[in-house]
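The values are calculated or read from the model by the stated rules, or taken from the named source; none is laboratory data. Computed from a predicted model, the values in this text were never measured in an experiment. Methodologically, a virtual Cβ is constructed for each residue, glycine included, from the backbone with ideal geometry; neighbour enumeration extends over all protein chains shown. We work out accessible area using only protein heavy atoms, side chains counted, and drop any ligands, DNA or RNA first. Shrake-Rupley method; radii C 1.70, N 1.55, O 1.52, S 1.80 Å.
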Amino acid sequence: MIRAYNLFRSRASMANSMLRAGPAAATQKRFLSIHEYLSMGMLNKFGIDTPKFIPAKTPEEAYEAAKKFNGEPVVIKAQVLAGGRGKGHFDNGLQGGVHLVKTPEEVRDFAKKMIGSKLITKQTGADGRICNAVMVAEARAPAHEYYAAILNDRVTQLPVLITSNQGGMSIEEVAKENPDAIITTPIDYTKGLDLKAAEEVAHKLGFSSPKLEKEAAETFVNLYKLFDQKDATQVEINPLVETKDGAVLCLDAKLGFDDNADFRQEDVFKLRDTTQEDASEVEAGKYGLNFIKLDGNIGCLVNGAGLAMATLDVLSLKGGKPANFLDVGGGANAAAVKKAFELLLQSKDVRAIFVNIFGGIMRCDVIAEGIIQATKELQLTIPLVVRLQGTKEAEAKELIKNSGLKIFAYDHLDEAAQAAVQKAETQQ
Ligand code: ADP
Ligand code: MG
């Protein structure tokens, strides 16, 4: 289901771009992502070197942290779950989420501007993400910046090590402009990453000595160990550097973990920071509902990721755009359906609600009860288009008819979608 929703987001943006309406607003993945300072702690546990670092939640803590570096230059880095921090900007005008600084006083000044403000990067969308902590780290001047990542690869159906000697910048750009600069090494997951293969990669990347090549190769092997043992879906180090003082270090770390493995990775999943996620998506999760925000004007309530995608497609065909999707799954009760409506209505852009349910395990009459309750209690004023098919359909229709509420009910998806699009367009 979670995987399906990742596909769903890309499908939503595909459908939107087909309509030349720009990408979907939501880019958030359903895989757990953890802050850089926590990622670095995990790297260290796997024997992977990083600069020394101290997290801080207040300017005073940042000041105290900076003093521990004994006058050495440090970097202060906004702890926000998004890439591109270095080139981002804060909503208060401060440019850059990563700064090289010389004194503890300077660290405190930066921390004052960063903590409590929102950082906007090319990955956060226009709203940005709140910065609640910074990381003070030892500055280690890079002689060269590399890229290294472990990911699951669809083509080979294996984990792969992806490396490049053009790190530091966006790997998507390197892939587009200079694909030869990317080395992809498949990994036999029964054996792990072979040290010999890792050494060959390190050699091709061109570290400046055999000793550093060896260190880089060991880093790759350990990155895969982490990926494997922690049920990661993404381990991305950008940049991995050779420093001027002759060390191989991870200066940045982005780790993602498979939500399906939360039951056996409790320690990792405890590290979740919901302040970095969309509040309504977090709220939906508490009710066992899947909520996806998009950027159109039709609020959609469906059951199942497949039906959600079909609904998105049909609405797009009819010239409409979903504002969001709420998937009630198979086990929702009337109270959860009501909650679902509340969440759908939170988006100020919603001009019509489209309920498209294919009753299987989820009974249509339960949905109908929830709809009626929600319509009454939430004093719904926008048009509600409903298409209920399947288990307990007749009972559901009876309930809606007897409710006396103005609900537009249809049997066929095509006409229902058409109606939802029209009503959203005409509604002010
Ligand atoms: P992001 O990818 O979110 O922009 P990074 O952690 O990659 O953030 O930092 C941006 C750049 O800042 C890096 O490419 C690197 O050049 C520099 N940098 C980051 N950490 C350090 C450090 N500890 N010492 C020196 N330079 C650093
Ligand atoms: Mg980076």
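I'd like the full set of residues that are more than 13 Å from ligand 2 (Cβ to nearest atom) and either crowded, with 20+ Cβ neighbours inside 10 Å or farther than 17 Å from Pro179 by Cβ (or both), limited to the stretch 144-153. Full working, then the answer.
Within the stretch 144-153, the first condition is being more than 13 Å from ligand 2 (Cβ to nearest atom), and the residues that meet it are 144, 150-153.
Those that are more than 13 Å from ligand 2 (Cβ to nearest atom) and either crowded, with 20+ Cβ neighbours inside 10 Å or farther than 17 Å from Pro179 by Cβ (or both): His144, Ile150, Asn152.
Which residue is farthest from the chain's Cα centre (by Cα), if the candidates are limited to the stretch 220-249 and must be of a type in the set (Ser, Thr, Tyr) and either open to solvent by 20 Å² or more (accessible area, probe 1.4 Å) or more than 16 Å from ligand 2 (Cβ to nearest atom) (or both)?
We begin by selecting, within the stretch 220-249, every residue of a type in the set (Ser, Thr, Tyr); these are 224, 233, 243.
With the extra rule that they be either open to solvent by 20 Å² or more (accessible area, probe 1.4 Å) or more than 16 Å from ligand 2 (Cβ to nearest atom) (or both), the set shrinks to 224, 233.
Values: Tyr224: 22, Thr233: 12 Å.
Ranking the qualifying residues of the stretch 220-249, first place goes to Tyr224.
Check Lys406, Lys423 and return the single one that is open to solvent by 20 Å² or more (accessible area, probe 1.4 Å), touching a residue at least 12 places away in the same chain (Cβ under 8 Å) and not in a loop (DSSP other than H, G, I, E, B). Before you say what the answer is, go through the steps one by one.
Working: Lys406 fails: not in a loop (DSSP other than H, G, I, E, B).
So the residue among Lys406, Lys423 that is open to solvent by 20 Å² or more (accessible area, probe 1.4 Å), touching a residue at least 12 places away in the same chain (Cβ under 8 Å) and not in a loop (DSSP other than H, G, I, E, B) is Lys423.
Report yes if Lys204 is open to solvent by 40 Å² or more (accessible area, probe 1.4 Å), in contact with a strand residue (DSSP E or B) (Cβ under 9 Å, 6 or more places away or on another chain) and either within 14 Å of ligand 1 (Cβ to nearest atom) or aromatic (Phe, Trp, Tyr) (or both), otherwise no.
Working: open to solvent by 40 Å² or more (accessible area, probe 1.4 Å): yes; in contact with a strand residue (DSSP E or B) (Cβ under 9 Å, 6 or more places away or on another chain): yes; either within 14 Å of ligand 1 (Cβ to nearest atom) or aromatic (Phe, Trp, Tyr) (or both): no.
In short, no.
Can you say whether Pro104 is more than 29 Å from Thr233 (Cβ to Cβ) and open to solvent by 10 Å² or more (accessible area, probe 1.4 Å), as far as the supplied structure shows?
Values: more than 29 Å from Thr233 (Cβ to Cβ): yes; open to solvent by 10 Å² or more (accessible area, probe 1.4 Å): yes.
Yes.
Please find, among Ile357, Ile367, Ile353, the residue that is in contact with a Leu (Cβ under 9 Å, 6 or more places away or on another chain), open to solvent by less than 50 Å² (accessible area, probe 1.4 Å) and not in a strand (DSSP E or B). Before the answer, list the steps.
Working: Ile357 fails: not in a strand (DSSP E or B); Ile353 fails: not in a strand (DSSP E or B).
Criteria check complete, one pass: Ile367.
Give me the helices (runs of 4 or more DSSP H) completely within the stretch 251-345, filtered to those with at least 2 residues that are without any contact (Cβ under 8 Å) to a residue 12 or more places away in the chain, ordered by residue number. Break it down into steps so the answer makes sense when it comes.
Numbers: elements: 266-269, 279-286, 305-317.
Where helices (runs of 4 or more DSSP H) fall fully within the stretch 251-345 and carry at least 2 residues being without any contact (Cβ under 8 Å) to a residue 12 or more places away in the chain, they are 266-269, 279-286.
Only one residue in Thr190, Thr219, Thr233 is among the polar types (S, T, N, Q), in a loop (DSSP other than H, G, I, E, B) and outside the structural domain of Val386 (by TED's automatic domain parsing), so which one is that? Before you say what the answer is, go through the steps one by one.
On the way: Thr219 fails: in a loop (DSSP other than H, G, I, E, B); Thr233 fails: in a loop (DSSP other than H, G, I, E, B).
Thr190 is the lone residue from the list that is among the polar types (S, T, N, Q), in a loop (DSSP other than H, G, I, E, B) and outside the structural domain of Val386 (by TED's automatic domain parsing).
Looking at the stretch 122-143, which of the residues that are among the polar types (S, T, N, Q) and at pLDDT below 95 is most open to solvent (accessible area, probe 1.4 Å)? Give the steps one after another, and end with the answer.
Step one: filter the stretch 122-143 for residues among the polar types (S, T, N, Q), giving 123-124, 132.
Among the residues that remain, those that are also at pLDDT below 95 are: 123-124.
Numbers: Gln123: 76, Thr124: 18 Å².
Filtering first and then ranking leaves Gln123.
Determine, yes or no, whether Thr121 is of a type in the set (S, T, N, Q), more than 21 Å from the chain's Cα centre (by Cα) and not assigned by TED's automatic domain parsing to the domain that holds Leu212. I'd like the intermediate steps shown before the answer.
Working: of a type in the set (S, T, N, Q): yes; more than 21 Å from the chain's Cα centre (by Cα): no; not assigned by TED's automatic domain parsing to the domain that holds Leu212: yes.
Against the criterion (of a type in the set (S, T, N, Q), more than 21 Å from the chain's Cα centre (by Cα) and not assigned by TED's automatic domain parsing to the domain that holds Leu212), Thr121 does not qualify.
Conditions tested, residue by residue: (1) under 21 Å from Ala247 (Cα atoms); (2) exposed (fewer than 15 other Cβ atoms within 10 Å of the Cβ); (3) at pLDDT 95 or above.
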{"position": "Arg11", "(1), (2), (3)": "no, no, no"}
{"position": "Ile34", "(1), (2), (3)": "no, no, yes"}
{"position": "Ser39", "(1), (2), (3)": "yes, no, yes"}
{"position": "Phe46", "(1), (2), (3)": "yes, no, yes"}
{"position": "Arg85", "(1), (2), (3)": "no, no, yes"}
